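A short write-up of the structure that comes next.
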Amino acid sequence: MMAAGHYPVMLDEATAALDLKDGDLVVDATFGGGGHARRILEKIGRDGRLVGIDRDPDAAARAADLAAEDPRFSFRAGAYDEVLAALVEEGVRANAILFDLGLSSFQVDEAERGFSYVREGPLDMRMDARRGESAAEFLNRAEAGEISDVLVRYGDVPRSEAWRVAREVVLRRPLETTLELAEAVRAAVGWKERGGNPAKRVFQAVRVRVNDELGGLERALGAAEELLAPGGRLAVITFHSGEDRLVKHFIVGREGRCICPPELPLCVCGARPILRRGVVRKPSAREVAQNPRSTSARLRSATRTSEPLGARG
């Protein structure tokens, strides 16, 4: 049964992109609330296997419940880039891999995790509070220029607004709670009639920086490419432009496009596709109405060819 309050985004579309078959070995690289995992288990038959991954300690507890219910499911705690690399080293070959890069409802709704800009909690934002620098530690030590750069790069905050927010953060330090950061944002840029709460992109940017989300994603995609068996399917659900661009460029860069000069009558560069790109999907209007958090979601998919990795060209 799906956990109360948890809505797996683009569930039907992701399942279709994975093209699941009886006996498949599937990796759910972002277990979260387990919504996608439970649907996958419905599709892979008695001989299928599903490996779930998550670095969130709370997700591990939910995964333990599922493992107790279904012996086809196993769980590995840790950052997905590290766990996927370990699976490659072990010689595992997967038929399908799913990434759902959004925060789970559990993370957003639990104020003590520090992800919410409308509920007061400690300014943390780490996926695993046992590792790395918290949002408060970063914001309270970084110079205004570094903070501004993070907001622009990871939150698509306009440069002028990012600088104003960064200066306001420095003036108000030390920041300790989520609402203190949200108030600093509002003091710096005011409230916009369109576009929603301006703190949303600021919180997103700080979260991405604190968790090294783009670096981890790039490493994880590289490991997934090695992990997929020929014919294996990759599906990635993104939620902001930075990660979506990264996924798009990763797939496009492995399509094996010919780089020969146009005047040559035949291809001599030896380019071969490692991945074949699927159609980009967006959530349905019905899903957006039922779960507004899905609004920015995009699903990108690809299929692994039989070409060796060295054939990229």
Given the options Ala166, Ala144, Ala205, Ala199, name the one that is of a type in the set (A, V, I, L, M) and out of contact with any Phe, Trp or Tyr (no Cβ under 8 Å at 6 or more places or on another chain). Ala166
Of all residues in region 63-81 being more than 19 Å from Gly132 (Cβ to Cβ) and part of a helix (DSSP H, G or I), which is nearest to the chain's Cα centre (by Cα)? Ala63
Tell me which residues, restricted to region 259-313, are part of a helix (DSSP H, G or I), touching a residue at least 40 places away in the same chain (Cβ under 8 Å) and within 22 Å of the chain's Cα centre (by Cα). Glu287, Gln290, Arg293, Ser294
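For region 98-115, does any single residue satisfy the condition of being on the phi < 0 side of the Ramachandran plot, exposed (fewer than 15 other Cβ atoms within 10 Å of the Cβ) and either among the β-branched types (Val, Ile, Thr) or modelled with pLDDT of 95 or more (or both)?
No.
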For region 135-161 the number of residues that are surrounded by fewer than 17 Cβ atoms within 10 Å (Cβ to Cβ) and in contact (Cβ under 8 Å) with a residue 60 or more places away in the chain is 2
Considering each of Ala79, Ala86 in turn, give the residue that is of a type outside the set (Ser, Thr, Tyr) and buried (at least 16 other Cβ atoms within 10 Å of the Cβ). Ala79
Write out, first by first residue and then by second, each pair whose Cβ atoms fall under 7 Å of each other, whose residues are 6+ apart or on separate chains, and whose first residue, in region 15-28, is of a type in the set (D, E, K, R) while the second is modelled with pLDDT of 95 or more and assigned to a helix (DSSP H, G or I). Asp28/His36; Asp28/Ala37; Asp28/Ile40
Leading residue by the ranking (farthest from Gly232 (Cα to Cα)) among those in region 26-57 that are touching a Leu at 6+ places or on another chain (Cβ under 8 Å) and in a helix (DSSP H, G or I): Gly35
Criterion: within 13 Å of Gly242 (Cβ to Cβ) and either in the same structural domain as Asp244 (by TED's automatic domain parsing) or surrounded by 15 or more Cβ atoms within 10 Å (Cβ to Cβ) (or both) - qualifying residue of Leu214, Leu175, Leu179: Leu214
Which condition from (1) modelled with pLDDT of 95 or more; (2) surrounded by fewer than 22 Cβ atoms within 10 Å (Cβ to Cβ); (3) part of a helix (DSSP H, G or I); (4) touching an Asp or Glu at 6+ places or on another chain (Cβ under 8 Å) is the one that Ala60 breaks? (1)
Within region 225-232, identify whether any single residue is under 28 Å from Met125 (Cβ atoms), surrounded by 13 or more Cβ atoms within 10 Å (Cβ to Cβ) and touching a strand residue (DSSP E or B) at 6+ places or on another chain (Cβ under 7 Å), and answer yes or no. no
Given the options Leu246, Leu234, name the one that is assigned to a helix (DSSP H, G or I) and not polar (S, T, N, Q). Leu246
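The values are calculated or read from the model by the stated rules, or taken from the named source; none is laboratory data. Quantities reported herein were computed from a predicted structural model and do not represent experimental measurements. Positions of Cβ are backbone-derived with ideal geometry, glycine not excepted, and every protein chain shown enters the neighbour counts.
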